[in-house]
Amino acid sequence: EKINTDSFDLTYNYYQKDSVNWSTDVTYGINVWNFSRAWVDITKTGGAHIELTSDYWGTVDWWGTCDPPKWIFHPDQAFIKLNDELFNSYRAELVAHEVGHALLLDDYDPAYCTLMRATGFNGDPYPTDSDIEGVNVTYKD
């Protein structure tokens, strides 16, 4: 059950480009935001605000990227790339982190141990109070 029913409605879509299927991790990573106290409700549909694509991008210096909706070319749509190189155990956490960027959150100093920390994983895909507060300040009105 959604904790906060007074929310800002967003939509998402997931596209699998390679043999690795992230659909369970994408659903989990989205739902940690939906079932938090964040004032957003993200549902799957066509014509999405958040587009997630998984593919094998090779051995690069990133596991995921997000072009957030504040970019000039797509002011109401975010594009998330998920790298199939990432180990299974961190995929939901990465999805939740990149969705945080789609919700206009920045990376934070890793010492704060938020979902939106700048580097590394801690095995916990849930947004912290400070992550949720960042979203609520943005989507409150």
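The values are calculated or read from the model by the stated rules, or taken from the named source; none is laboratory data. Please read all numbers here as calculations on a predicted model, not as lab measurements. We place every Cβ from the backbone using ideal geometry, glycine too, and count neighbours over all the protein chains shown. The protein model used for the area step is the full one, side chains on, heavy atoms only, and it has no ligands, DNA or RNA in it. Shrake-Rupley method; radii C 1.70, N 1.55, O 1.52, S 1.80 Å.
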| Whole-number percent relative contact order across the chain, with pairs defined as alpha carbons under 8 Å at least 6 apart | 24 percent
| request: Could you go through the stretch 79-87 in sequence order and give the Karplus-derived ³J(HN,Hα) for each residue, using 6.51 cos²θ - 1.76 cosθ + 1.60 with θ = phi - 60°, rounded to whole Hz, and x for Gly and Pro? | output: 10, 10, 10, 10, 8, 4, 5, 5, 4
| remark: Spelling it out for Ile50: with amide H atoms placed in the peptide plane at 1.01 Å from N, the residues 5 or more places away or on another chain with amide H under 5 Å from its amide H are Thr11, Tyr12, Asn13, Ala78
| request: With a ≥ b ≥ c taken as the square roots of the eigenvalues of the C-alpha gyration tensor of the stretch 30-141, please select rounded if a/c is under 1.5 and otherwise prolate if a/b is larger than b/c or oblate if it is not? | output: oblate
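Compute the Cα gyration tensor for the stretch 97-141, then decide on rounded, prolate or oblate, letting a ≥ b ≥ c be the square roots of its eigenvalues: rounded whenever a/c is under 1.5, prolate when a/b is larger than b/c in the other cases, and oblate in all that remain.
prolate
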| Which FRET efficiency value, to the nearest 0.05, do you get for Asn122 and Thr59 by plugging their Cβ-Cβ distance into 1/(1 + (r/R0)^6) with R0 = 22 Å? | 0.45
| message | If you roll a 1.4 angstrom probe over the protein chains with everything in place, what fraction of the accessible area of the chain belongs to carbon and sulfur, to the nearest %? | response | 52 percent
| task | At 0.36 nm per residue, minus the direct Cα-Cα distance, what do Ser7 and Arg37 gain on full extension? Give it in nm, one decimal, please. | result | 9.8 nm
| Added length on full extension, which subtracts the Cα-Cα distance from 0.36 nm per residue, Gln16 to Tyr28 | 2.7 nm
| Counting DSSP beta bridges in the chain, what percent are antiparallel, to the nearest 5? | 20 percent
| task | Quick one: accessible surface of Trp62, probe radius 1.4 Å, all protein chains present, in square angstrom to the nearest 10. | result | 60 Å²
